């Protein structure tokens, strides 16, 4: 799931990747909203809110939304640089190592939060989650040749609509379109279910939601990392 990239990946591998990481993204996005009233993964909404704030001359609010978008882009940029560096060195476990890094960060955040460490006003948490989700989306986009985007529901919904259109006009690549519909449906559905679970876990467990996200990611990525090293 975190070793093969591009055309070497099967549809089943992409489905597993989309299901797991979209659920995590949905949970983290919902947690950030519950904590601070802002979305850490919804860059479309954040840019729209930025435009509204600029039009109304709410400069402080505009600066906040600019910061969230910039942090998300920073996470994706750093992840992209790290991936390319690893690929140039022919490090097959680079993607697993990237997701393992995310998992360790989430586990640390969860342990710290449950131990009494608080994040003032919730905004530091939004920035942390935005950089994490930018990081994660860069990894999934790069390893799947842009077939899987775990935080980009608008794009997935658009692609699913185009795939449905392809089936409607009965193009020759009908099997391809059905596969895309399944992949995008799983991505959107997992993001939704993850968001519901994340909101519930946050209300009941507080910072434990980060452990609930980080531990499964850590187990999967560690196994993939060790498999890459053996191969």
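Values in this text are rule-based calculations from the coordinates and carry no lab data. In this text, all values refer to a predicted model and were calculated from it rather than measured experimentally. Note: ideal-geometry Cβ built from the backbone for every residue, glycine included; neighbour counts use all protein chains shown.
Pick from 23, 82, 51 the residue whose mean-square fluctuation is largest in a GNM of the chain, springs joining Cα atoms under 10 Å. Ranking 23, 82, 51 by mean-square fluctuation puts 51 first. Give me the Debye-computed log₁₀ of I(q)/I(0) at q = 0.17, 0.23 Å⁻¹ for region 13-128, equal point scatterers on Cα only, no solvent, two decimals. The Debye formula, applied to the Cα set alone, gives -1.00, -1.37.
Taking a ≥ b ≥ c as the square roots of the eigenvalues of the Cα gyration tensor, region 67-106 is classed as oblate, since a/c reaches at least 1.5 and a/b does not exceed b/c. Treating r as the C-beta distance of residue 66 and residue 230 and R0 as 45 Å, the FRET efficiency rounds to 0.50.
So if R0 is 41 Å, what FRET efficiency would residue 12 and residue 59 give, r being the distance between their Cβ atoms, rounded to the nearest 0.05?
Values: r = 49 Å, r/R0 = 1.20.
The pair residue 12/residue 59 has a calculated efficiency of 0.25.
Length available on full extension from residue 178 to residue 205: 0.36 nm per residue minus the Cα-Cα distance, which gives 5.8 nm. Percent of C-alpha pairs per 5 Å bin in the chain, short distances first: 1, 7, 13, 18, 18, 16, 12, 8, 4, 2, 0, 0. With helices as the sole contributors, the chain gives -27500 deg cm²/dmol at 222 nm; each DSSP H run of n ≥ 4 counts as -39500 (n - 2.57), and the sum is divided by every residue. Name the residue, out of 18, 30, 49, whose mean-square fluctuation peaks in a Gaussian network model built on the chain with Cα pairs under 10 Å. Ranking 18, 30, 49 by mean-square fluctuation puts 49 first.
Extension gain for residue 73 to residue 223 (0.36 nm times residue separation, less C-alpha to C-alpha distance): 51.2 nm.
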